[in-house]
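Have a look at the structure below, then the notes.
The values are calculated or read from the model by the stated rules, or taken from the named source; none is laboratory data. Bear in mind the structure is a predicted one, so any value in this text is a computation, not a measurement. Glycine also receives a Cβ, built like all others from the backbone with ideal geometry; neighbour counts cover every protein chain displayed.
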Amino acid sequence: MAREPDRSPEGEPPRLLILGGTTEAAALARAVTGTRGAEAGTWDVTTSLAGRTRAPAALPGAVRIGGFGGVDGLAAYLRVGRIDRVIDATHPFAAAISANAADACAELGVPLLRIERPAWAPVPGDRWIDVADAGEAADWLAEAVPSGATVLLTLGRQDVAPFQRCPALRFVLRSIEAPAPEDLPPDCLLLTERGPFTLDGERALIARHGIRAIVAKNAGGEATAAKLAAARELAIPVVMIRRPALPATPAVADVAGALDWLSRPR
Ligand code: NAP
């Protein structure tokens, strides 16, 4: 493997910072630290987590938790830690950290790659309503869904407060972690669950609660795509929150692409 000496001290392995919080980031940390994929096992890996999840899964390599303090804080971390490369493997909706990574890496000349899971695209039979954010989704529901109907929210705990403006609707919220109680809409059943979800399971969930519409973020990936197939089958509208704009960072679609990038000279 062609590997650059990069910026780490002579004789020490090059240092990789993974901006994490996703399954891809965890898979990359495992692959790069050598438990999978021996070629990349020479990197000294640190994964950075925002600290939103109370009990994050164990990761190989070093883990640091908490914000850096904006672009300047991240640039200082890269400089002091003599980081050679950064892989932004954050969620496609984590726009602030991706922008900060682009700015800090550009300032210091540190190579940056993003793992960008391909977005979902509608196929024939889908009834998608394209919206910019949770607020627009709530506005659409308030207009279009009959009073008393039940809507499935498949969102993060930070995204639910706007649905308080739909007091005539009933909600089932499926989220990895529970939101603050004051953010919940008045009539809301909370399901704290983590994917992957199966098509049979999604059909059963829709039938059990009489779901009339689904709100989702266009996260992409297989683990949570079954709800889209179930909605298509049952002709249920999906209010799809589109991805935020991200900086024009070089990107690959998956962990294999990131490993390939790491195997190339900078
Ligand atoms: P965000 O809006 O882009 O970031 C807000 C701030 O949180 C950033 O400015 C940064 O603080 C800090 N931060 C975010 N990710 C970080 C990381 N990996 N390491 C250290 N600091 C980080 O992010 P978000 O949407 O709140 O997402 C937070 C984390 O949850 C990310 O790691 C993301 O991958 C994960 N996640 C997000 C979603 C989602 O739907 N947004 C879904 C699943 C997982 P400073 O400016 O102080 O550095």
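The set of residues in region 84-94 that are under 23 Å from the mean Cα position of the chain (by Cα) and either acidic (Asp, Glu) or modelled with pLDDT under 95 (or both) contains only Asp88. A search for C-beta distances below 8 Å between a residue of region 45-71 that is in contact (Cβ under 8 Å) with a residue 40 or more places away in the chain and any residue that is of a type in the set (A, V, I, L, M, F, W, C) and part of a loop (DSSP other than H, G, I, E, B), counting only pairs 6+ apart in sequence or on different chains, returns Ala50/Ala94; Thr53/Ile176. Could you say which residue among Ala168, Ala89, Ala94, Ala149 is out of contact with any strand residue (DSSP E or B) (no Cβ under 9 Å at 6 or more places or on another chain) and of a type outside the set (Ser, Thr, Tyr)? After ruling out the rest, the residue left standing is Ala168.
Taking (1) under 17 Å from the mean Cα position of the chain (by Cα); (2) of a type outside the set (Val, Ile, Thr); (3) modelled with pLDDT under 95 in turn, Asp254 satisfies each apart from (3). Looking only at residues of region 95-111 that are surrounded by 21 or more Cβ atoms within 10 Å (Cβ to Cβ) and closer than 19 Å to Val255 by Cβ, we find that the one that is nearest to the ligand (Cβ to nearest atom) is Ser98.
Kindly indicate whether Ala96 is within 26 Å of Pro162 (Cβ to Cβ), part of a loop (DSSP other than H, G, I, E, B) and of a type in the set (Gly, Ala, Ser). So Ala96 fails the test. Could you tell me whether any residue of region 157-176 is at pLDDT below 95, within 19 Å of Trp120 (Cα to Cα) and assigned to a loop (DSSP other than H, G, I, E, B)? No: zero hits. In a residue-by-residue description of region 192-207, the property of being surrounded by 17 or more Cβ atoms within 10 Å (Cβ to Cβ), of a type in the set (A, V, I, L, M) and touching a Ser or Thr at 6+ places or on another chain (Cβ under 8 Å) applies to no position. Candidates Asp139, Asp103, Asp130, Asp126: the one that is of a type in the set (Asp, Glu) and assigned to a strand (DSSP E or B) is Asp130.
None of Ala258, Ala245 is farther than 23 Å from Ala144 by Cβ, buried (at least 18 other Cβ atoms within 10 Å of the Cβ) and either in contact with a helix residue (DSSP H, G or I) (Cβ under 9 Å, 6 or more places away or on another chain) or outside the structural domain of Val71 (by TED's automatic domain parsing) (or both) except Ala258. Being within 15 Å of the ligand (Cβ to nearest atom), among the β-branched types (Val, Ile, Thr), surrounded by 13 or more Cβ atoms within 10 Å (Cβ to Cβ) and within 19 Å of the chain's Cα centre (by Cα) is a property that Thr154 has.
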